[in-house]
1. Mind putting a number on the dipole of region B:59-167 about its Cα centre? Charges go on the C-beta only, +1 for Lys and Arg and -1 for Asp and Glu, and I need it in Debye to the nearest 20.
2. What is the helix-to-structure angle for A:36-52, meaning the angle in degrees between its Cα long axis and the longest Cα principal axis of chain A, kept from 0 to 90 and rounded to the nearest 10?
3. Quick check: from the Cα gyration tensor, does region B:1-129 come out rounded (a/c under 1.5), prolate or oblate?
4. So, in Å, what gap is there between the alpha-carbon centers of region A:1-29 and region B:67-134?
5. Can you sort A:Arg185, A:Arg64 by how many other beta carbons sit within 10 Å, fewest first?
6. Would you mind working out the magnitude of the charge dipole of chain A relative to its Cα centre, with +1 at each Lys and Arg C-beta and -1 at each Asp and Glu C-beta, to the nearest 20 Debye?
7. Among rounded, prolate and oblate, which fits region B:116-209 when a ≥ b ≥ c are the square roots of the eigenvalues of its C-alpha gyration tensor, a/c under 1.5 means rounded, and a/b larger than b/c means prolate?
8. Measure off 7 Å from each Cα along the Cα-to-Cβ vector at A:Phe125 and B:Val278, then give the distance between these two points in nanometres to one decimal.
Amino acid sequence: MTFYLSTLAVYFVVYALGTLSLNLQFGLGGIVNFALIIFEAAGAYAASLTSLGPSAQGLSNGQRYFWGISLAFPLPLIAAGLAGGLLALVIGPATMRKMRRDYQAAAMLAVALIVGQVVTNAPGFLNGGAGLSGVPQPLYSNLHLSLSSYDWAYVGWATLLGVLGYGFCRWISMSPFGRTLRAIRDDEDAASAVGKNQWGVRMQVFIIGGVIAGVTGGILVEFIGAWSPSAWSYQETFVLLQAVILGGVGNERGSLVGAFLVGIVLLEAPTFLPAIGYPGLIDSVQWMIIGLGYILILWMRPQGLLRERVDLRLAGDGRNIFSYLRPGRLRGAQSANTSIGE
Amino acid sequence: MHIFLSAVGFAIVDAAILSIVSMGFSLQFGMTNVLNLAFGPLMSLGALIAFYLNENGVFIWYAALIGALAVGLTSLFLGQTIFRTFARKGSRLFEMAIVSIAVGLVIDNAMAAITHSTTYQFNFPLGSNHDIGGMTFTTTELIIILIAAVTIASLEYVLHRTRLGVAIRASSANANLALASGIRTERVLKLTWIISGVLCGLGGVVLAISYMSINYTTGDTYLPYVLTAVIVAGIGAIGYAAIAAFILSLVVEVAGAYGAAAYNIMIAIGILLIMLLVRPRGFFSELWERVEVTA
């Protein structure tokens, strides 16, 4: 039981940070990133490669990968963030083009599909479809803890990162930078007219989101110890997008609520329940609920559970970092759009 | 030379299947402006219905016809309920694409739950081999090519030689103007959902027949080819979508014959990505500027 709870807690942090990252890019920046999951994957692979050690060292399970090194505790996680950011730097310029939003979504889906195919079909790159396993847990041998206390220590570490990430996203959302993002999202031409550099601002938020997504991959892989293409199919991004929309596009607290409801209550908690029906039935039902969920949310409550509100009073007034963690006074503008993502 | 010719033979069969689906997609995309990603799941639906009927003794081509019609009705139902609701609510391009993905997820996973994610093998004779100009086709493949030829010819005839075709093209270009000039756009829209659904289902069935196997993801896996053909041609350029389908099949099969077979789908997705980044309007679209959704 305690193992389930600690696992769920780590998954919650991973889902929450992933949702916050997508909310930064999509909710604030208006970038339709249907490939968010590949940034998480890049982080997870980077963390694995920087903690597994060189491939030639004859690991018992005979994995092949193109490069590896064994680094000390926080470094693999930093590598994960860097990998996510670098990937964003590479992919970003291609996606910043102004075009129909549904085409932008299709382009990002195409990117996610291609990356998935490349990794699966190139066995010497990241061990192909089998993926990497046996990723060491950080500091496990140094801490001398029992398995379950180690898990809880990891939950504490992940939670710390989660709180920092949440505070950081709130900070961005409330800062002048966040206001610029919202302005560009709501009216590109008007924002350009007052001298905002759309390309630069969007690129920045894309990279920041990529770094956060990369770190979530690192947090997850260092906990579960394995990572393979089946863990990051393009459909996983639909889960995060649903969390963003359910919580409320552009609302960070909403992202936490959405991540909890979609990621934990719907997807992860049932894996610990006794199986019903044939193996795979629960999975199908979960995905049906996600599909129906999109239709119901967009139909009945497109603004999400917590609608976006911009607290103009707090904006840019960063007295200290903690001021961004507490719920701000709610007032001010809200987006007038009736259709998500336009 | 022999490798090349046989690759061309495969490409003709591929193109036959792909052009049926692409024309359906393009017709509906041009009319409604909805990037309907539920097309893949609907293809699988048609194929699964046809498979089920065939297993229960229905002659395969009758089963194909029934599967296609069933998808046509499903498409009409989805268009008249879900897509219309969202279009009336004011949903725009991205939200409509999300809604279509959601519909696709529901259909896909309902099929997965019903079939227990089984991959079924079709079980009927492919017929004898025929040599035509150095290329070898089975009887089944010849029938598929014939079906595609009839489909392309009749769709082109309807679109360019009949009043219905004029109505469809006018409603695609400007629904309000078409309505004002006395075209019953509602009826045209319904017909579009049905025709595109029938083409989608028919394409799904012939795809499954050519693979000789079917599971609930068959259509989804195939969707990138369809999107590529449709977007290369451009929104609503229906006849050109068939031509793009042929060229794409040729590229993919020839590349496959010379050693890139594992990367078939990546070639298609790569072309799709390059098109979206470099020339998203496609080469023959006259509807590119449209931003509103009609459903």
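What follows draws every value from the coordinates through simple rules; no lab data is involved. All values reported here derive from a predicted model rather than from experimental measurement. Using ideal geometry, Cβ is built from the backbone for each residue, glycine included, and neighbour counts are taken over all protein chains shown.
1. Details: 6 positive and 5 negative charges, 137 e Å.
The calculated dipole for region B:59-167 is roughly 660 debye.
2. Long axis of A:36-52 versus the principal axis of chain A: about 30 degrees.
3. Working: a/c = 2.33, a/b = 1.48, b/c = 1.58.
Because a/c hits 1.5 or more and a/b fails to exceed b/c, region B:1-129 counts as oblate.
4. 32
5. Values: A:Arg185 23, A:Arg64 16.
So the residues, fewest neighbours to most, are A:Arg64, A:Arg185.
6. Working: 20 positive and 16 negative charges, 179 e Å.
Around 860 debye, computed over chain A.
7. Details: a/c = 4.85, a/b = 2.01, b/c = 2.42.
Cα axes put region B:116-209 in the oblate bin.
8. 2.1
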